[in-house]
Amino acid sequence: MITLYGIKNCDTVKKARTWLEKNAITYQFHDFRADGLEPQQIKNWIDALGLDALVNKRSTTWKELDDATKQQFTADAVNIILANPTLIKRPLLDTGKQQYVGFKETEYRTLFN
């Protein structure tokens, strides 16, 4: 099962959802805020993608973190992400075999053709 993770009011998530629907690709949407996240899920994403690829350090959420939290981030990333799920780059597409962050139509086209 293909799962698209994000938040429903994110413009990039909306673009990805529209593309998937337009191309008749069945997927499940998982809203970080409404549906929550599990620690193991975040650990798996960090292992698969790497912390730098997973986390948006240009986001408002990152900028609002205090300096102490930012300094502890690498050591306590899972808990900090659980408390601030919008740190995750959006959307996160999980095909069941691989995960991809962000939305680029050309990449989705390649992935699903």
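Details
- Subset tally (residues that are part of a loop (DSSP other than H, G, I, E, B) and not charged (D, E, K, R)) for the range 92-113: 6
- Scope the range 23-50; condition hydrophobic (A, V, I, L, M, F, W, C), in contact (Cβ under 8 Å) with a residue 40 or more places away in the chain and either buried (at least 16 other Cβ atoms within 10 Å of the Cβ) or in a helix (DSSP H, G or I) (or both); matching residues: 32, 37, 42, 45, 48, 49
- Some residue of the range 68-78 being among the aromatic types (Phe, Trp, Tyr) and outside any strand (DSSP E or B): yes
- Single unsatisfied condition, residue 62 versus (1) touching a strand residue (DSSP E or B) at 6+ places or on another chain (Cβ under 6 Å); (2) assigned to a helix (DSSP H, G or I); (3) among the aromatic types (Phe, Trp, Tyr): (1)
- The residues of the range 91-108 that are within 20 Å of residue 40 (Cβ to Cβ) and either without any contact (Cβ under 8 Å) to a residue 60 or more places away in the chain or charged (D, E, K, R) (or both), listed by number, are 94, 97, 98, 99, 100, 101.
- For the range 41-91, a residue qualifies if it is basic (Lys, Arg) and more than 12 Å from the chain's Cα centre (by Cα), and the qualifying residues are 43, 57, 58, 63, 70.
Every read-out reported here was derived from the displayed coordinates using simple, explicitly stated rules and does not represent laboratory data. Values in this document were obtained by computation on a predicted structure and should not be read as measured data. Quick reminder, even Gly has a Cβ in these numbers, built from the backbone with ideal geometry, and neighbours come from all protein chains shown.
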